[in-house]
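Asker: Below is the structure I would like to discuss, written out as structure tokens.
The values are calculated or read from the model by the stated rules, or taken from the named source; none is laboratory data. Keep in mind the model is a prediction, meaning the values are calculated, not measured. A quick note on method: Cβ atoms are made from the backbone with ideal geometry, for glycine too, and the neighbour counts reach across all protein chains shown.
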Amino acid sequence: MSIHSANHIILTGDRPTGPLHLGHLVGSLRGRVRLQHEFRQFCIIADMQALTDNAGNPEKIRSNILEVAFDYLAAGIDPKITTIFIQSLVPELSELTMYYLNLVTVSRLQRNPTVKDEIRLRRFARGIPVGFLCYPVSQAADITAFKADLVPVGSDQLPMIEQTTEIVRSFNRSHNCSVLVEPKPLLSSVPRLPGTDGKGKMSKSLDNAIYLSDTVDVVHDKVKKMYTDPSHLRPEDPGTVEGNPVFAYLDAFDPDKAGLDAMKAHYRHGGLGDTALKRRLLDVLLPELDTIRERRRLFARDPAQVMGILREGSRAARTVAAQTLEEVRKAMQLDYSSTN
Ligand code: TRP
């Protein structure tokens, strides 16, 4: 599907469980900054979804709402054109979830590959919380409340879009209507950024992330310690580019593609040391991060103002969600306020 062929509505977002890192910047934030100029974009800070596996740790979610908001704003998401909102401040989403729960079976949720993976990872000591098992249904509410037809996601979120599509079809069929809109995933074309340890994706839980909020010194240190090619011991040794995270980062951050190709050839051939390679990475990475860090610092100086932006966005989001909810209730014959 060409995304330029229509007037799309976009919904994306994150769980506020930690500050955002380079993986988010490359994989989603840059896309949002671009898309916000072309389409109507909503950006959800999914605090209720975050609570589904953090019920005992609400202060973590609470504090990370602002951290994520600072990261969004610092990365260039503009609240004048993107509606940034907090999930729990839009209670219409919870009501929609309640109705959608009747359209999904427990076994279907248990078969959701992402939910399955996460259950394995989380090892819930006291059994799987019902809210956790059902979060894909709540995510379907997030998407459909805004009639979003495009959801920019990583591949791990594809099962969520599929689940949403099934709910939309089931709802529209059951009620013989076209109130809900089927979403399509918009998969990022850039490969997922590996962690600094080169072991799979960058993530907070693997402790291999460079954060947008990291100081210059921390970034220096993390780059210096980055995994490269373990068999590339001396500069004159031939090195491997594939699977070398420094090159993955250069692919994402170095604007000089011809220069980068030359460096790759040089590295493969031998004669290019890791120190020089990492120097180049710092040269391209630090200026971009400086800009983001400086903007972040200005926003973080005034958390009340940023909370105001989120409250304002949530108000705007509520207006849209309430309209959809009204249509949903009508389709379900729950429109008791009318006289006939
Ligand atoms: N599940 C997403 C994550 O893990 C967050 C999220 C919640 C989301 N609701 C959404 C993403 C709706 C896209 C659309 O980060």
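Asker: Residues of region 144-182 being within 21 Å of Gly13 (Cα to Cα) and either within 9 Å of the ligand (Cβ to nearest atom) or free of Cβ contacts under 8 Å to residues at least 12 places away in the same chain (or both), which ones?
Answerer: Ala148, Val151, Pro152, Val153, Gly154, Asp156, Gln157, Met160, Ile161, Glu162, Thr164 - these are the residues of region 144-182 that are within 21 Å of Gly13 (Cα to Cα) and either within 9 Å of the ligand (Cβ to nearest atom) or free of Cβ contacts under 8 Å to residues at least 12 places away in the same chain (or both).
Asker: Could I ask something else about it? List the pairs whose first member sits in region 11-33 and is among the hydrophobic types (A, V, I, L, M, F, W, C), whose second member is within 11 Å of the ligand (Cβ to nearest atom), and whose Cβ atoms are under 6 Å apart, counting only residues at least 6 apart or on separate chains?
Answerer: If the second residue must be within 11 Å of the ligand (Cβ to nearest atom), the pairs left are Leu11/Phe42; Leu11/Ile143; Leu11/Phe146; Leu11/Ala148; Leu11/Val151.
Asker: For region 171-183, name all the residues that are of a type outside the set (A, V, I, L, M, F, W, C) and either surrounded by fewer than 15 Cβ atoms within 10 Å (Cβ to Cβ) or under 13 Å from Val328 (Cα atoms) (or both).
Answerer: Matches in region 171-183: Asn172, Arg173, Ser174, His175, Asn176, Ser178.
Asker: Also, quick follow-up: Which residue is surrounded by the most Cβ atoms within 10 Å (Cβ to Cβ), if the candidates are limited to region 37-60 and must be assigned to a loop (DSSP other than H, G, I, E, B) and in contact (Cβ under 8 Å) with a residue 60 or more places away in the chain?
Answerer: In this case the residue turns out to be Ala46.
Asker: If you don't mind, another one. With a cut-off of at least 2 residues that are in contact (Cβ under 8 Å) with a residue 24 or more places away in the chain and closer than 27 Å to His21 by Cα, name the helices (runs of 4 or more DSSP H) lying wholly within region 254-340.
Answerer: Ranges flagged: 274-300, 303-331.
Asker: Identify the single condition in (1) in a loop (DSSP other than H, G, I, E, B); (2) assigned by TED's automatic domain parsing to the domain that holds Leu121 that Ser203 does not satisfy, given that it satisfies every other one.
Answerer: Going through (1) in a loop (DSSP other than H, G, I, E, B); (2) assigned by TED's automatic domain parsing to the domain that holds Leu121 one by one, Ser203 breaks only (2).
Asker: Going through region 184-208 one residue at a time, which ones are free of Cβ contacts under 8 Å to residues at least 60 places away in the same chain, among the polar types (S, T, N, Q) and either surrounded by 13 or more Cβ atoms within 10 Å (Cβ to Cβ) or under 20 Å from Met160 (Cα atoms) (or both)?
Answerer: Hits for region 184-208 are Ser189, Thr196, Asn208.
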